[in-house]
Amino acid sequence: MPSLDDLRKRIVSVKSTQKITKAMKMVAAAKLRKAQENAEKGRPYSEKMQNIILNLTESISDPQNAPKLLIGTGKDQIHLCVVMTSDRGLCGGFNSNICRLAKKYFEKILKEGKNLKIITVGSKGHDQLKREYRKYIIKKLSFKNKKKISFVEADEVGKIILDLFDKNEFDKCILFFNNFKNIMTQIPEAQQIIPTEVKKDFKKNEEIFYEFEPDEDEILEDLLPKNISTQVFKAFLENSASEQGSRMTAMDSATRNAGDLVNKLTINYNRSRQAVITKELIEIISGAESL
């Protein structure tokens, strides 16, 4: 049984931890508001851009002359997976959920006998994946020193993907990130960005007719690469909001657990203290009676 001094030190230690988790929860709550606002503002733009690309894909009459970014290489052998996680921990299951979804996809690809290449964005994802899939990781990216992730970082990731595609290094590219719903719910998502995946519920808008000025090839040459960076930036924004929401929930839970632990330790401390006092009283009374 621990001594009174040990219990006292443990109570002080847990109370200090509780103060830290409470402060982290407040910081996460403050950051969440801005991150959620940015994610919600970015969704209409990325969705509209994606819809334009999908409509263009469905409108292609001659696939042979279409840009490869729209229709792909025509093969399905080499898969590039971009796993986007955070550079910091203490955010509940945020990073683990993304890696879990990515690992399921990796296993499926490898069982089918296809080739796998991985780019990790964020050190936490890299730390989890390197144990099993180190030989498949071709690049590790981290923006830990950046105070705020902007389109510049998304464009940097996008250019790496496009450079690999131009070198015929892969046939399909899939992004893995967390889709922010609310503080309690963040849903891991896998989005195929090369070639653009036409979803089952997507309906081509027959009323939309695109007029290209000055030239179709010239516009698509600029628009398609920008769409890759836009989708990466959307994933960054969704991840940022999801990370803060998950951290806020985790720190709130940790604060309450620390409070419960302090209560239990205090009860044990009081019982032990009472036992010591009772023992001392018995010894005094026994000594007095013997005299």
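Every read-out reported here was derived from the displayed coordinates using simple, explicitly stated rules and does not represent laboratory data. Only a predicted model underlies this, so the values are computations on that prediction, with no experimental measurement involved. Cβ coordinates were reconstructed from backbone atoms using ideal geometry, including for glycine residues, and neighbour counts include every protein chain displayed.
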Only Lys, Arg (+1) and Asp, Glu (-1) charged, at Cβ; the chain dipole about Cα centre in debye: 2020
Seen from all sides and averaged, what is the projected area of the convex hull of the Cα atoms in region 30-248, in nm²? 12.9
Give the range of the longest stretch in the chain that excludes all trypsin sites (Lys or Arg not before Pro) found in loop regions by DSSP and having at most 15 other beta-carbon atoms within 10 Å. 205-291
Rank these for me by crowding, Ser13, Ser46, Ser240, going from fewest to most other beta carbons within 10 Å. Ser13, Ser46, Ser240
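Can you give me the Rg/Rh ratio for region 129-197, using Cα atoms for both radii and the Kirkwood formula for Rh?
0.99
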Between 0 and 90°, nearest 10: helix 151-166 axis offset from the chain longest Cα axis: 50
Ranked list, fewest to most other Cβ atoms within 10 Å of each Cβ, for Ile78, Ile98: Ile78, Ile98
Descending semi-axes in whole angstrom, ellipsoid equivalent of region 86-204, from the Cα gyration tensor: 22, 19, 18
Of Ala28, Ala258, Ala39, which has the largest mean-square fluctuation in a 10 Å C-alpha GNM of the chain? Ala258
Acute angle (nearest 10 degrees) that the helix 216-290 long axis makes with the longest principal axis of the chain, alpha-carbon atoms: 10
If you wrap region 1-137's Cα atoms in a convex hull and average its projection over all directions, what's the area in nm²? 13.7
Within 10 Å of each residue's Cβ, count the other Cβ atoms and sort Ile138, Ile267, Ile193, Ile11 from fewest upward. Ile267, Ile138, Ile11, Ile193
Angle between the chain longest axis and helix 123-133 axis [Cα atoms, degrees, rounded to 10]: 80
Note down the relative contact order for the chain as a percent, whole number, built from C-alpha pairs under 8 angstrom at least six residues apart. 32
So which lysines pass the test for Lys135, namely a Cα distance under 16 Å, with those fewer than 8 places away in the same chain ruled out? Lys103, Lys114, Lys117
